[in-house]
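Quick notes on the structure that follows.
The values are calculated or read from the model by the stated rules, or taken from the named source; none is laboratory data. This structure is a prediction, so every number in the text was calculated from the model and none was measured. Here Cβ is always computed from backbone atoms with ideal geometry, including for glycine, and neighbour counts include all displayed protein chains. Ligands, DNA and RNA are stripped out before the accessible areas are found, and what is left, the full protein with its side chains, is counted by its heavy atoms. Shrake-Rupley method; radii C 1.70, N 1.55, O 1.52, S 1.80 Å.
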Amino acid sequence: MEVRIQGIHFDVSEKLASFINKKVERLARRNVNITYVDVNLTVIKPETAMNKQAVIKIIVPHKGEQVATKIADSFEEAIDTAIEALDRQLEKDKDKK
């Protein structure tokens, strides 16, 4: 599984990258078919609260891609909620079989 983490207009810290990898690995254990994860982090209007956006896109062969976009006070919170949303999407997709 390939994981790409990109900070838009800022450098992603090693601690944040480690946090993201840990969360993605947990998601990948639940669905072993995930081949690619793309994480884009953006700071929106730095002077306001709720200004951290996480867009996570996962690709599962023969099923296409799943995308979750969340905004929160911290990147960690946005990533957590986006991963939860993707987990629910994957469960729904699994139930369709």
**Report entry** Residue tally, condition in contact with a strand residue (DSSP E or B) (Cβ under 8 Å, 6 or more places away or on another chain) and either β-branched (Val, Ile, Thr) or over 19 Å from Lys15 (Cα atoms) (or both), over the stretch 43-97
**Finding:** 25
Query raised in the report: For Ile5, are the conditions met, namely being open to solvent by 30 Å² or more (accessible area, probe 1.4 Å) and either free of Cβ contacts under 8 Å to residues at least 60 places away in the same chain or not in a strand (DSSP E or B) (or both)?
Result: yes
Query - Residues (surrounded by 17 or more Cβ atoms within 10 Å (Cβ to Cβ) and either polar (S, T, N, Q) or over 18 Å from Thr81 (Cβ atoms) (or both)) located in the stretch 44-58 - result: Gln53
Query raised in the report: Quick check: anything in the stretch 73-95 crowded, with 16+ Cβ neighbours inside 10 Å, over 9 Å from the mean Cα position of the chain (by Cα) and in a strand (DSSP E or B)?
Result: no
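Yes/no matrix, rows are residues, columns are (1) under 13 Å from the mean Cα position of the chain (by Cα); (2) closer than 14 Å to Ile79 by Cα:
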residue: Gly7; (1), (2): yes, yes
residue: Leu16; (1), (2): yes, yes
residue: Ala28; (1), (2): yes, no
residue: Asn33; (1), (2): no, no
residue: Val39; (1), (2): yes, yes
residue: Lys45; (1), (2): no, no
residue: Ala49; (1), (2): no, no
residue: Gln53; (1), (2): yes, yes
residue: Gly64; (1), (2): no, no
